[in-house]
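Working notes, beginning with the structure itself.
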Amino acid sequence: QVQLVESGGGSAQAGGSLRLSCAASGRHFSSYVMGWFRQAPGKGHEFVAAINGKGDSTDYADSMKGRFTISRDNAKNTVYLQMNSLKPEDTAVYYCAARFRAAAVVASQYEYWGQGTQVTVSS
């Protein structure tokens, strides 16, 4: 069982930055692929980024490449999402998710989810 708690959301101006954190409890954190998803009002979960257990392989949605960076600290059981050059269309609830071992970009393939943190970007 893995429990995930996101933090770091809030408000930012367009062009600004925010850093999200996701703290995991449970064993064998490094065995889990960690992903970030987001959900805007009236839409489904959109893949943002994922990182493998060792932290040496990452994947990003095209619209996030070059702006967002996912990283993890296995000693702290934490995954991060650094968001730069924010745009109003980045406004959404951001969720972190965990999947045992295998990488995935589809929300339904992730087994554990946090409660989400709101990010609001104003123009």
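Odds and ends about this structure:
- Rolling a 1.4 Å probe over the heavy atoms of the protein chains gives the chain an accessible area of 50 Å² per residue.
- Taking the convex hull of the alpha carbon positions in the stretch 13-83 and averaging its projected area over all directions gives 5.6 nm².
- Stretched out straight at 0.36 nm per residue, the stretch from Ala102 to Lys87 would grow longer than its current Cα-Cα span by 2.3 nm.
- Straightening the chain between Ala23 and Gln39 buys 3.8 nm, computed as 0.36 nm per residue apart minus the Cα-Cα spacing.
- Computed FRET value (nearest 0.05) for Ser123 with Lys76, which takes r as the C-beta separation and R₀ as 30 Å: 0.30
- Cα-derived Rg to Rh of the chain, Kirkwood definition: 0.94
- Under 29 Å of direct C-alpha separation, and excluding same-chain neighbours fewer than eight residues apart, Lys54 reaches these lysines: Lys65, Lys76.
- Computed magnitude of the charge dipole of the chain (debye, nearest 20; Cβ of K, R +1, Cβ of D, E -1): 200 debye
The values are calculated or read from the model by the stated rules, or taken from the named source; none is laboratory data. Everything numeric here is computed off the predicted structure, so don't read it as measured data. Using ideal geometry, Cβ is built from the backbone for each residue, glycine included, and neighbour counts are taken over all protein chains shown. With ligands, DNA and RNA removed, areas are computed over all heavy atoms of the protein, side chains included. Shrake-Rupley method; radii C 1.70, N 1.55, O 1.52, S 1.80 Å.
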